[in-house]
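Structure first, commentary second.
The values are calculated or read from the model by the stated rules, or taken from the named source; none is laboratory data. The structure displayed is predicted, hence computed values, not measured ones. Here the Cβ is made from the backbone with ideal geometry for all residues, glycine too, and neighbour counts use every protein chain on show.
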Amino acid sequence: MVTLLRVPSISTLPEHKNDIGICAQLCKELLKRSGCDRVEIFNTEGNPVVFGEKLTDPAKPTVLVYGHYDVQPVDPLDAWETKPFQPVIKNGKIFARGASDDKGQLMIQLKAFEILVQTNTTQNNIKFMIEGEEEIGSPNLNKFIKDHRKMLKADLVLISDSSMLSRTMPSLEISFRGSCAMEIEVTGPDRDLHSGIYGGAVANPIIVLSQMLASLHKSDNSIAVPGFYDNVLDISSKEKLDWRDAPFDEDSFKKQIGVIELWGEKEYSPQDRIGIRPAIDVNGIWGGYLRSGMKSIIPCKAHAKISSRIVPNQLSSDILQKIADFLRSKAPGQVKVHMQSFPGGEPYRIDTNSPFFRAAAKAIESTYGKPPVLVHDGGTLPICYLMEKELGIKSVLLGFGLPDDNLHSPNEKFDLNQFFKGILTILNFHGNLSENVIDKR
């Protein structure tokens with residue numbers, strides 16, 4: 001794992017293109033070393049996909065393990081207590097960018113597979129698909145899946161790229177949100193202007209953009225975009241009860257993320273807001289003079305990046321269009337607005353009645369000594385929607401991260417106890433399939 005974590009495979013930044021290639025090659029070597037009979041790197045229009053397989057018995061289930069080797073940027077670097085690509089183990093945790101998302105969890109799958117091979121207990125057929133663009137919305141994955149239907153054929157997709165509620169409260173995701181994003185540029189004058197000569201007479205793009213962004217939410221913190229909630233899935237009463245009965249300590253949650261109070265739609269609980277409700281967030285905003293001291297200007301441009309988390313029944317392209325139309329309607333005539341959309345990932349619901357889900361739940365109970373709590377995850381995994389849409393294959397998530405792993409933040413870490421329990425759980429899962437759990441389909 002340490003070798004994998006040392007590679008700065010940041011897919012967002014083009015200057016790390018070479019690191020992406022190095023990391024893909026390393027994944028290929030790890031698959032070979034773990035026991036795959038076939039391993040291959042496939043180039044795409046973006047970053048490579050690494051594929052491996054070991055086929056044992058066509059009568060047995062085929063499990064396609066999905067993971068990603070790309071990671072998020074490390075900004076702000078000065079907030080890290082250790083160097084992000086020099087892994088450090090402290091207090092039973094490994095600290096590095098990608099430790100939990102997703103290199104550490106990918107290694108759980110590889111180590112479990114290696115054990116199965118070395119002990120000659122690999123009864124199921126196992127395939128691996130490891131991509132390098134998950135953190136940028138997997139823009140080339142759909143084409144890759146379409147182009148390699150036969151190679152990717154499987155009974156289910158197994159993913160370790162998610163979290164449990166806590167070390168003592170194992171959980172299984174039964175749905176997660178999708179995402180879509182855009183960048184906005186607001187242009188006013190054709191150059192930066194002296195604010196003493198022009199202030200009060202020329203629209204300031206930063207002020208205009210701030211007003212546009214502020215209009216996205218109503219006073220009750222609900223989203224003001226017309227039609228935004230039209231297709232939101234209303235989950236069953238039983239599912240709501242199960243979800244809201246899951247342990248949630250609001251004080252601990254606030255302390256964990258360093259806020260005084262929580263925020264969101266007033267009629268929904270914090271659990272609902274991060275699990276079954278959609279959201280819009282501003283991810284970055286900039287413009288004008290940003291260095292030390294003052295420069296009295298009206299800037300000619302202002303920029304922002306915004307994203308939306310969407311829930312089952314919503315579609316990323318539809319939501320992006322509604323947000324864009326709304327923001328354009330809020331822009332005054334004194335400015336020009338340009339928008340650029342980024343690839344979206346669709347929301348997904350897990351089939352809790354499938355034998356594969358039952359096998360996963362049983363595996364967790366065997367390892368942790370208690371059945372998993374069923375939760376709605378707020379994150380996004382584009383692969384699940386794509387595999388079901390293109391190949392008709394459903395997904396199961398067996399994730400072992402923890403809420404305080406600092407995903408996408410400085411000081412990302414992964415609990416090594418979860419790492420070892422994860423390996424045991426994956427072994428239990430494959431054992432459950434081998435014991436004909438699948439025959440209950």
Q) Any idea which residue in region 25-70 is surrounded by the most Cβ atoms within 10 Å (Cβ to Cβ), counting only those that are part of a helix (DSSP H, G or I) and without any contact (Cβ under 8 Å) to a residue 60 or more places away in the chain? A) LYS28
Q: Evaluate the following for PHE400: is it surrounded by 19 or more Cβ atoms within 10 Å (Cβ to Cβ) and either of a type in the set (Gly, Ala, Ser) or assigned by TED's automatic domain parsing to the domain that holds LEU141 (or both)?
A: yes
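Please go through region 230-247 and give me each residue that is of a type outside the set (A, V, I, L, M), loosely packed, with under 14 Cβ neighbours inside 10 Å and either closer than 18 Å to GLY378 by Cβ or at pLDDT below 90 (or both), ordered by number. Write out each step before concluding.
Start the filter on region 230-247 by keeping residues that are of a type outside the set (A, V, I, L, M), which leaves 230-231, 234, 236-240, 242-245, 247.
Now restrict to residues that are loosely packed, with under 14 Cβ neighbours inside 10 Å: 230, 234, 236-238, 244-245, 247.
Across region 230-247, the qualifying residues are ASP234, SER236, SER237, LYS238, ARG244, ASP245, PRO247.
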Q. Quick check: is even one residue across region 196-204 surrounded by 22 or more Cβ atoms within 10 Å (Cβ to Cβ) and touching a Ser or Thr at 6+ places or on another chain (Cβ under 9 Å)?
A. yes
Q) Out of VAL232, VAL225, which single residue is over 30 Å from PRO76 (Cα atoms), of a type in the set (A, V, I, L, M, F, W, C) and touching a helix residue (DSSP H, G or I) at 6+ places or on another chain (Cβ under 9 Å)? A) VAL225
Q. Do you know which of the residues in region 127-186 that are closer than 27 Å to CYS36 by Cβ and among the β-branched types (Val, Ile, Thr) is farthest from the chain's Cα centre (by Cα)?
A. ILE145
Q | helices (runs of 4 or more DSSP H) wholly inside region 83-202 containing at least 2 residues that are in contact (Cβ under 8 Å) with a residue 24 or more places away in the chain, more than 25 Å from ILE350 (Cβ to Cβ) and not aromatic (Phe, Trp, Tyr) | A | 103-118, 195-198
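Kindly indicate whether ARG328 is at pLDDT 95 or above and among the charged types (D, E, K, R). Walk me through how you get there before you give the answer.
On the way: at pLDDT 95 or above: yes; among the charged types (D, E, K, R): yes.
Criteria met by ARG328.
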Q. Checking GLN334 against (1) over 17 Å from TYR66 (Cα atoms); (2) under 21 Å from the mean Cα position of the chain (by Cα), which single condition isn't satisfied?
A. (2)
Q: Check PHE429, PHE420 and return the single one that is free of Cβ contacts under 8 Å to residues at least 40 places away in the same chain and under 20 Å from THR122 (Cα atoms).
A: PHE420
Q | Scan of region 205-220 for residues that are in a loop (DSSP other than H, G, I, E, B) and surrounded by 14 or more Cβ atoms within 10 Å (Cβ to Cβ), ordered by number | A | SER215, LEU216
Q: Filter region 1-24 down to residues that are more than 25 Å from ALA112 (Cα to Cα) and of a type in the set (A, V, I, L, M) and give me whichever is surrounded by the fewest Cβ atoms within 10 Å (Cβ to Cβ).
A: LEU13
